[in-house]
Structure formats: C-alpha cells, structure tokens
Amino acid sequence: ITVRQAKFNNALQRVAPEVLTALAALRHGGKRLALVSNADRMDIAGWPGSPLIACFDVVIFSCDVGVAKPDAAIYLAACKALDVAPAGCLFVGDGGSDELCGAAAVGMVPVQMTGILDRYFPGLTEAQAACAQYCIADIATLSACLA
C-alpha cells in the first residue's frame, strides 16, 4: 500500500464523530443525502470500510460516472438518483475543482464549508467562495442553511 493510498484509507475510515453525528441528524430529520466526489479508484479503495457508507442515500464517484465536478452531469446524476430537482438541493463543498460554481450552474444552492480550508489553506477560502450562497465552518452548522 502506498503512502497516498494509506492517507485516503485513513480519511475514509477514521471519520470524526461529529461529522457522523451531523449527517445522521440530517437523515433522521428526513433529508436525503448524496455524496458527489471527484475520485479515482485509488481514492475510494477504502470506501467499503468507511462509516460514511451508512450516511448517504446515494454515492456518485467521478471514476464511476466518467465525469467530474464542475461538469453538470455529475450533479444531475445525483439529483436523478435522489429523484429531486437541482433547485431542491444544497451542494456542500470547500469549493475546490470549481464545484460550487458547477452546482450553482445547474440550479443547486451552493454552500461552502470552510473548516479544512481555514485550517490548512486559509488563502483559498475566499477565492473558492465566489459562487457560494452560504458559508459554514463545519457540517454541524448546515442546519442553519435549511431554515
């Protein structure tokens, strides 16, 4: 196993308890959740052992669908799988890969989650927020965007 592979496996398998709690609360509140990720096979090799599997109704990996964010098709694939219109969706991400603008372009409400950027790449937070309708520090505060 490579260092890169071990890093991805660790990220998928050692998820912060507060993230799992927040996602569970959203689902318990009746929200359907999709994970949309630009990922290659190596990135998702650890997915089967991830506690995140139980948190999502739909999982869309770019390596499975042949397109990546910000291509409209990846967002629309998630909407189709959830059987919802883009306008009924919040898209949450840090803004990398121009994902928030891609989400906005298909009619989703883009929400920038800034926690990791603020901690590790503070210079990118503002630049990647260009299309964000909301900015939140962490997933636990997402409920504020739902009101």
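The largest-to-smallest principal axis extents of the Cα set in the stretch 71-124 are 35, 17, 15 Å. Given R0 = 22 Å, the distance between the Cβ atoms of ASP57 and CYS145 translates into a calculated FRET efficiency of 0.70. Taking 0.36 nm per residue of separation and subtracting the current Cα-Cα distance, fully stretching the chain between ASP40 and ALA11 would add 9.0 nm.
Taking 26 Å as the straight-line reach from the Cα of LYS80, the lysines in range (excluding those fewer than 8 positions away in the same chain) are LYS31, LYS69.
Pairwise Cα distances in the stretch 9-113 exceed 18 Å in 49 percent of cases.
Rounded to the nearest 500, the 222 nm mean residue ellipticity of the chain from helices alone is -10000 deg cm²/dmol, with -39,500 (n - 2.57) taken per DSSP H run of at least 4 residues. The modelled label-to-label distance between VAL19 and ALA127, using points 7 Å beyond Cα along the C-beta direction, is 2.4 nm. Note on the chain: with charges restricted to the Cβ of Lys and Arg (+1) and Asp and Glu (-1), its dipole about the Cα centre is near 320 debye. Between the stretch 5-49 and the stretch 71-147, what's the alpha-carbon centroid distance in Å? The stretch 5-49 and the stretch 71-147 have Cα centres spaced 16 Å from each other. Would you mind telling me which residue in PRO70, PRO51, PRO86 has the biggest mean-square fluctuation in a Gaussian network model of the chain, where springs connect alpha carbons within a distance under 10 angstrom? It is PRO51. How much of the accessible area of the chain, probe 1.4 Å, is carbon plus sulfur, in whole percent? In the chain, the share of accessible area belonging to carbon and sulfur is 59 percent.
The values are calculated or read from the model by the stated rules, or taken from the named source; none is laboratory data. None of these values were measured; they are calculated from a predicted model. As a convention, Cβ positions derive from the backbone with ideal geometry for all residues, glycine included, and neighbour counts pool all protein chains shown. We work out accessible area using only protein heavy atoms, side chains counted, and drop any ligands, DNA or RNA first. Shrake-Rupley method; radii C 1.70, N 1.55, O 1.52, S 1.80 Å.
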